[in-house]
């Protein structure tokens with residue numbers, strides 16, 4: 001009986017030691033460092049870039065002793081909010097969020113802070129909440145580069161500005177950059193740009209963009225107004241724009257912009273149906289985010305983290321507070337510099353980008 005009692009007592013002692021391990025007493029990794037867990041909440045997996053974001057983020061996080069749990073909301077903010085609750089119940093140390101709805105996603109931050117868990121907004125700002133930190137590319141500059149690239153090819157004429165999702169703050173920042181570039185261009189060159197229409201979409205959706213531009217083409221044709229350029233805010237919507245132009249045998253005759261350097265967009269650029277895209281080095285975004293997450297898990301302060309990583313602290317007002325933010329630099333891409341940017345960075349291989357172009361026109365490596 002005494003032996004049974006001692007065995008039971010030992011078992012209870014083991015359970016107490018492991019059961020009472022707190023947030024600051026994480027398990028040791030094989031390399032001897034402290035391990036943490038992050039919940040990566042993704043809005044969608046539809047675009048190829050988001051798969052790469054996760055791949056790069058997971059790879060860097062693992063190297064830092066951080067385990068990544070991933071959930072995809074498939075465009076449903078309510079589902080994402082529930083996924084966040086699940087991660088919080090599981091005891092993650094940090095949440096990283098690519099929100100669907102920038103307003104209702106605020107609930108995630110509230111729930112996380114009730115458990116003293118920090119939240120990083122990944123490439124999309126979350127509004128009206130006590131968000132800890134935001135990492136993105138300089139989206140106003142992305143919009144500026146989109147318009148700048150179009151203006152190099154079409155210095156004046158009738159433009160359509162096609163915004164992204166009206167609910168996405170990034171879409172508004174892109175529009176601000178586009179308008180700034182147009183205004184500067186008009187002042188410097190004395191050439192006139194007439195904006196025929198400037199709608200935002202319900203979502204970053206190729207098919208909605210195709211329908212919207214198809215209707216505008218019909219409208220302006222009936223009014224006798226020529227369209228010279230369309231500034232689309234990303235490559236998915238640019239694909240919809242170009243599909244609408246192809247239906248009217250106008251593809252390649254109207255300059256179209258994009259963003260994200262998706263493979264199909266890069267192919268369209270070298271083929272001549274899209275004028276410009278803006279490449280955002282996703283590996284950099286993911287790896288910097290992973291470094292921030294590790295430091296957030298250690299309870300370091302956002303401003304101190306940003307400075308320690310060698311970045312300037314920016315503050316972006318989300319309606320509740322000025323959120324400490326990191327702005328990464330986007331890269332302007334045209335047919336002329338495709339080889340030196342997207343291809344040189346191994347974002348896409350040359351043979352895929354130029355797959356539909358005769359080999360004699362391929363750039364020399």
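What follows draws every value from the coordinates through simple rules; no lab data is involved. The shown structure was predicted, so the numbers you read here are calculated from the model rather than taken from an experiment. No Cβ is skipped: glycine too gets one built from the backbone with ideal geometry, and neighbour counts run over all protein chains shown.
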For a quick check, take a GNM of the chain with Cα springs below 10 Å and name the residue from 344, 84, 244 with the largest mean-square fluctuation. 344
Extension gain residue 207-residue 315, at 0.36 nm per residue separation less the Cα-Cα distance, in nm? 35.4 nm
Quick one: which of 304-311, 168-175 comes out on top by average Cβ neighbours within 10 Å, and what's the full order, highest first? 168-175, 304-311
Tilt of helix 48-63 relative to the longest C-alpha principal axis of the chain, in degrees (0 to 90, nearest 10)? 30
For segment 163-321: relative contact order, % (alpha-carbon pairs under 8 angstrom, 6 or more apart): 16
Could you give the angle, 0 to 90 degrees to the nearest 10, between helix 2-19's Cα long axis and the longest principal axis of the Cα atoms of the chain? 30
Ranked by GNM mean-square fluctuation in the chain (Cα springs under 10 Å), the top entry among 280, 191, 321 is 191
Residue separation between residue 253 and residue 128 times 0.36 nm, minus their alpha-carbon distance, gives in nm 40.7 nm
Given 0.36 nm per residue, what is the gain on full extension from residue 47 to residue 188 after removing their alpha carbon distance, in nm? 47.0 nm
Mind sorting out which of [x] 20.5, 63; [y] 21.0, 78; [z] 24.0, 99 is the real Rg and Dmax of the Cα atoms in Å computed from the coordinates? [z]
Only helices counted: for the chain, with every DSSP H run of 4 or more residues adding -39500 (n - 2.57) and the sum spread over all residues, [θ] at 222 nm is -14000 deg cm²/dmol
Which of these, 158, 346, 318, has the largest mean-square fluctuation under a Gaussian network model of the chain (Cα springs below 10 Å)? 346
In degrees, nearest ten, helix 282-297 long axis to first principal axis of the chain (Cα): 30
